[in-house]
Amino acid sequence: MKRRVRRVLLGLTAILLLGLVGATLEFVVLRGRTPAISTPGSIASLEKQQLGGVDQWVLIRGQDRTKPVLLFLHGGPGMPAMYLAHEFQSELERDFVVVHWDRRGAGKSFDAHLPAAAFSVRQTLSDTCELTERLRVRFQQQRIYLVGHSWGSHLGLLAVRERPEYYSAFIGMGQLAGTREEVDALRRAFLREAAKKAADSALQARAADASKEVTEGDLFRCGGELYASRSFWPILRTELAAPEYTLRDALNVKKGADLVGREMKYDVAPKPLEGEIRKIDVPVFFFLGRHDFNTPSELAAQYLDRLDAPLKRLVWFEHSAHFPFFEEPDRFPKETLRAADAVAEFWGNRSNSEVAAHVAAVAEPSGAANGSQPVRSETNRTSSAAGSRR
């Protein structure tokens, strides 16, 4: 009997050791790299770059390095999205060079020794522009696409406002909008209704009491973060499976989110939910989850109505909450490509109009010098008008 028990214990020990070796091999030896893309002219690169004097990790993937660059700004401010990349962007990589960036202190870029002074919106904005400049030069593109999710949507609008000449368009998801009071009121109304349906009297009472806090966990449990789920598990599972993330990187995600959230200094106006940018000089698209109550999509849609932009469009993701790119991964690339077609047409029309205006401006002085009425080219006038209708 003792011999049999010993054999069982030895067997269990061997299984545990094999599991430990396998986990070590998977998370330490094989992880921390990005899978190759076999297409000629492709790029699949996981790089440590120094931005603003701080090492930060950047993932670049695309089947054709000559395609438009799309820079994805994660939320948080310290909650990375790089580990979600393979869940939604494989189709996107056919038409874009997709860039994910774990900002200073976040995800793979976590560093517990960074001083508190390293974290400010001004510095983060400077890092964003520095990375954008590098991408423009590296891929020989005058403008790139900027996508911002959640807190990244706030950062993205700041970047586009500051350097509009760098960007083809801005796409906001989980778009920050409205005031803190408006956001809190909509969250509580949503939670009260969800709690009523679930017969959760404790949550219903807490959501009805303005002195009691409602949490992101409450929103997850009620489908206001992930519409088809009632927990954070789908995101956590994806994080643990991401080839770019070692076990240490995965464990650092929460540490980084806490660090950046705690130390971030808001030294650029407007602050999140304390004012809004009124005018943007490039096309703007909002991809909004119909059921988002982290950053209530109702407020974002109203903000887009108020925003002054040369081209703006609202796209509803009916089966999503706060993560439309993750929750509807088949639709997100299609809508992004549709937006890119509209943007290409917009800039094409803008170029035609600028050429026509330049020709007219050149023609005017010569006519005036002869004391006659300036002569305008009918060809150019027609070309400009046709361009504006396309």
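Just a few scattered comments:
- Over the range 88-194, the pair-distance histogram of Cα-Cα distances with 10 Å bins from zero comes to 12, 36, 31, 17, 4, 0 percent, rounded to whole numbers.
- Anisotropy class of the range 183-295 from Cα gyration tensor, a/c 1.5 cut: oblate
- Within the full protein context, the accessible area of residue 143 is estimated at about 60 Å² for a probe radius of 1.4 Å.
- Amide H within-cut-off set for residue 312, under 5 Å, with H built and near neighbours excluded: 284
- Ranking by accessible area, most exposed first, for 192, 187 with a 1.4 Å probe: 192, 187
- Under a 5 Å amide H cut-off, with hydrogens placed 1.01 Å from N, residue 56 pairs with 49, 50, 51 among residues at least 5 apart or on other chains.
- Rounded accessible area of residue 254 (nearest 10 Å², 1.4 Å probe): 130 Å²
- Structure note, pairs 212/255; 67/265; 212/265; 255/334; 197/279: Cα-Cα distances above 31 angstrom occur for 67/265; 255/334; 197/279.
- Note, ³J(HN,Hα) from phi for the range 95-104, Karplus 6.51, -1.76, 1.60, rounded to Hz, x at Gly and Pro: 10, 9, 9, 9, 10, 10, 9, 7, 5, 3
- Ordered from largest to smallest accessible area (heavy atoms of protein chains, 1.4 Å probe), the residues 180, 134 come out as 180, 134.
- Residue-by-residue Karplus 3J(HN,Hα) for the range 236-249, coefficients 6.51, -1.76, 1.60, Hz, glycine and proline x: 4, 4, 5, 4, 5, 8, 5, x, 6, 9, 6, 4, 4, 4
- In this structure, the amide hydrogen of residue 89, modeled 1.01 Å from its nitrogen in the peptide plane, lies closer than 5 angstrom to no residue at least 5 positions away or on a different chain.
The values are calculated or read from the model by the stated rules, or taken from the named source; none is laboratory data. For clarity, every value in this text was computed on a predicted model and none was experimentally measured. With ligands, DNA and RNA removed, areas are computed over all heavy atoms of the protein, side chains included. Shrake-Rupley method; radii C 1.70, N 1.55, O 1.52, S 1.80 Å.
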